[in-house]
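Data block below; observations after.
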Amino acid sequence: MEYLKPGSANSSPLTPLGFLERASTVYGDCNSIIYNNTTFTWSQTHRRCLQLASSLSSIGIRRGHVVSVVAPNIPAMYELHFAVPFAGAVLNNINTRLDARTISVILRHGESKLVFVDCLSRALVLDAVSLLPPETQRPILILITDDSVGPTSLEGFFDTYEALLAKGDPNFQWVRPKSEWDPMLLNYTSGTTSSPKGVVHCHRGTFVMTVDSLIDWAVPKQPVYLWTLNMFHSNGWSFPWGMAAVGGTNICVRKFNAATVFALIERHGVTHMCAAPVVLNMLTNSPRVKPLRRPVQVLTGGAPPPAAVLHRTEALGFVVTHGYGLTEVLGVVVSCAWKPGWNLLPATERARLKARQGVRTIGLTEVDVVVSDSGKSVKRDGSTLGEVVLRGGCVMLGYLKDPAANSKCFKNGWFYTGDVGVMHPDGYLEIKDRSKDVIISGGENVSSVEVESVLYSNPAVNEAAVVARPDEFWGETPCAFVSLREGLEKKPTEKEIMEYCRGRMPRFMVPKTVVFKEDLPKTLTGKIQKFILRKEAKDMGSLKHSRL
């Protein structure tokens with residue numbers, strides 16, 4: 001077949017940045033951002049992002065430079081998702097809960113040229129910069145002020161966010177990528193299984209992930225989106241660009257609890273929000289919780305959510321969509337695509353099915369569960385464990401300056417996730433554990449996630465985590481760390497928790513140790529830190545068991 005070679009008319013690099021231009025045209029007079037008493041329209045947001053990009057260019061930020069942001073879900077954080085790459089730079093969002101030493105390591109490793117700093121993180125970032133080695137070039141610091149917080153000293157900073165923005169050209173011609181493979185984002189992993197690594201995403205992958213997320217979640221035009229998912233966490237699963245694509249209203253919130261979430265839902269008519277399972281658990285356990293007046297669509301992911309938590313969430317009127325993703329793919333790439341026939345099942349069975357991660361989204365090429373050593377697919381029987389592998393355009397370019405980690409995770413044409421799962425006969429994936437968290441008891445593989453799911457179904461349990469404890473006879477046995485709900489008239493004993501589990505799972509899976517704690521240790525993104533609990537269980541010493 002004869003055809004012309006691709007040219008500029010049909011091979012423009014894919015990038016999600018153009019979504020903002022379109023939003024300013026189609027939804028120009030509609031609300032783009034609402035934060036306390038501040039409201040912007042899409043035409044205003046477009047103009048502000050161009051002005052900021054213009055100012056960044058005027059102070060020396062060039063194509064490929066890394067620009068970092070330490071800020072919560074405030075308007076500036078949203079705008080920087082467009083403004084930084086508009087200047088040709090690479091956006092690096094940093095978790096606001098990290099300590100100064102870790103932030104300093106990230107700034108040095110990423111070679112950040114400039115840092116936007118929220119006023120409440122001012123001292124933290126100044127400390128981080130002071131820890132940089134003398135030979136390291138200091139980044140420019142820009143302070144994001146906030147009237148709701150109060151005045152903040154500008155000492156140590158080059159300028160304020162609004163003052164820098166005001167100096168920019170609203171007609172700035174933004175720096176388009178030369179190639180869709182040009183880096184656009186640098187995200188650092190949470191470090192739940194190892195030290196944080198710098199994940200590099202390109203314009204193409206970000207475009208694919210954004211469009212894919214909108215389609216898979218069936219997001220309509222002009223939703224009202226509440227930012228309960230931190231934008232510093234995998235760029236809010238790509239929804240900063242997604243909301244521009246559909247002209248949504250972004251309800252920004254600096255800090256929230258259950259009462260704040262329910263109040264904002266009611267005040268603004270929220271239709272959509274993303275939330276990790278820990279947030280869903282917080283909402284359902286709120287003492288003043290009450291059913292919603294209108295349904296709210298919720299996309300959840302991260303740690304596998306227990307079926308009991310999903311059931312309680314949907315009972316309030318939330319419509320939960322469950323998916324699976326990692327920092328390395330920027331969002332949800334496997335989702336529990338719902339089948340109409342499942343609506344006829346009992347509520348508990350629906351929740352069990354919804355707790356499975358599901359099937360690949362349309363933007364992912366393939367997902368499989370394989371034997372790690374051979375790369376051979378495991379049986380699709382819902383019980384044979386293997387490592388989850390992915391392939392598709394939304395997979396990261398690689399880890400920054402880490403060839404050893406790249407060679408370990410990219411093998412045989414696949415990205416190896418390090419997650420352990422099974423493939424069900426119907427082709428639906430279910431995550432069972434991180435590879436480090438599988439408990440091998442008497443030769444049997446025990447999924448900590450499955451045991452936790454049963455624990456969460458106990459009405460007295462608030463949070464639960466299961467790890468291995470050394471056992472003289474079995475090698476390892478499950479050890480459950482449990483926090484209880486507030487206000488219980490009678491608290492269960494260790495024996496009662498074990499008996500509850502014994503009636504709901506095979507005997508070898510039942511925890512042989514139960515430890516009650518007020519709070520379980522968590523990472524800065526809300527994931528339970530099992531490595532701390534694993535050490536605590538190990539420090540207890542080997543459990544002595546008879547063969548009976």
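Taking the conditions (1) more than 17 Å from Leu154 (Cβ to Cβ); (2) outside any strand (DSSP E or B); (3) of a type in the set (S, T, N, Q) in turn, Asn92 satisfies each one other than (2).
Consider the range 126-169 and keep the residues that are surrounded by 16 or more Cβ atoms within 10 Å (Cβ to Cβ) and of a type in the set (S, T, N, Q). The one that is farthest from Leu56 (Cα to Cα) is Thr152.
Pairs are defined by a Cβ separation below 9 Å, a sequence spacing of at least 6 or placement on different chains, a first member in the range 129-155 that is assigned by TED's automatic domain parsing to the domain that holds Thr96, and a second member that is assigned to a strand (DSSP E or B) and among the aromatic types (Phe, Trp, Tyr); the pairs so defined are Leu141/Phe116; Ile142/Phe116; Leu143/Phe116; Ile144/Phe116; Ser148/Tyr35. Regarding Pro295, is this residue surrounded by fewer than 16 Cβ atoms within 10 Å (Cβ to Cβ) and touching a Leu at 6+ places or on another chain (Cβ under 6 Å)? No: the conditions fail for Pro295. Being touching a strand residue (DSSP E or B) at 6+ places or on another chain (Cβ under 8 Å), at pLDDT 95 or above and of a type in the set (Gly, Ala, Ser) holds for only one residue in Gly325, Gly269, and it is Gly269.
I'd like the full set of residues that are in a helix (DSSP H, G or I) and exposed (fewer than 14 other Cβ atoms within 10 Å of the Cβ), limited to the range 251-292. Ala259, Ala263, Glu266, Arg267, listed by residue number.
Tallying residues that are surrounded by 14 or more Cβ atoms within 10 Å (Cβ to Cβ) and part of a loop (DSSP other than H, G, I, E, B) within the range 1-39 yields 8.
Looking across the range 359-381, just one residue is hydrophobic (A, V, I, L, M, F, W, C) and either free of Cβ contacts under 8 Å to residues at least 24 places away in the same chain or not assigned by TED's automatic domain parsing to the domain that holds Trp414 (or both), and that is Val371. Set side by side, the residues His65, His46 differ, and just one is assigned by TED's automatic domain parsing to the domain that holds Met184, surrounded by fewer than 23 Cβ atoms within 10 Å (Cβ to Cβ), out of contact with any Gly (no Cβ under 7 Å at 6 or more places or on another chain) and of a type outside the set (Ser, Thr, Tyr), which is His65. At least 3 residues being over 30 Å from Gln297 (Cβ atoms) and at pLDDT 95 or above is the threshold, and among the strands (runs of 3 or more DSSP E) wholly inside the range 106-219 those reaching it are 112-118, 140-144.
Summed over the range 376-411, the residues that are of a type in the set (D, E, K, R) and under 24 Å from Met184 (Cβ atoms) give a count of 3. Which one is modelled with the highest pLDDT, of the residues in the range 281-322 that are closer than 24 Å to Met396 by Cβ and of a type in the set (Gly, Ala, Ser)? For the range 281-322, the residue satisfying everything is Gly301.
How about the range 313-370: which of its residues are of a type in the set (D, E, K, R) and loosely packed, with under 14 Cβ neighbours inside 10 Å?
If the condition is that a residue be of a type in the set (D, E, K, R) and loosely packed, with under 14 Cβ neighbours inside 10 Å, then Lys339, Glu349, Glu366 are the ones that fit.
Of the residues examined, Ala259 is one that is free of Cβ contacts under 8 Å to residues at least 40 places away in the same chain and under 20 Å from Glu463 (Cβ atoms).
Of the residues Pro521, Pro478, Pro506, the single one that is more than 17 Å from Ser441 (Cβ to Cβ) and either in contact with a helix residue (DSSP H, G or I) (Cβ under 7 Å, 6 or more places away or on another chain) or not small (Gly, Ala, Ser) (or both) is Pro521.
Report yes if Asp426 is charged (D, E, K, R), modelled with pLDDT of 80 or more and under 17 Å from Val378 (Cβ atoms), otherwise no.
So Asp426 passes the test.
Right, Ser57: modelled with pLDDT of 95 or more, of a type outside the set (A, V, I, L, M) and over 27 Å from Arg204 (Cβ atoms) or not? Considered against the rule, which asks whether it is modelled with pLDDT of 95 or more, of a type outside the set (A, V, I, L, M) and over 27 Å from Arg204 (Cβ atoms), Ser57 comes out as no.
The condition of being modelled with pLDDT under 90 and among the hydrophobic types (A, V, I, L, M, F, W, C) holds for only one of Met509, Met498, that being Met509.
Quick check on the range 210-225. Is at least one of its residues buried (at least 22 other Cβ atoms within 10 Å of the Cβ), of a type in the set (Val, Ile, Thr) and within 27 Å of Gln51 (Cα to Cα)? Looking for residues that are buried (at least 22 other Cβ atoms within 10 Å of the Cβ), of a type in the set (Val, Ile, Thr) and within 27 Å of Gln51 (Cα to Cα), one finds at least one in the range 210-225, hence yes.
The values are calculated or read from the model by the stated rules, or taken from the named source; none is laboratory data. Since this is a predicted model, take the numbers as computed values, not measurements. Virtual Cβ from ideal backbone geometry, glycine too; neighbours counted across all protein chains shown.
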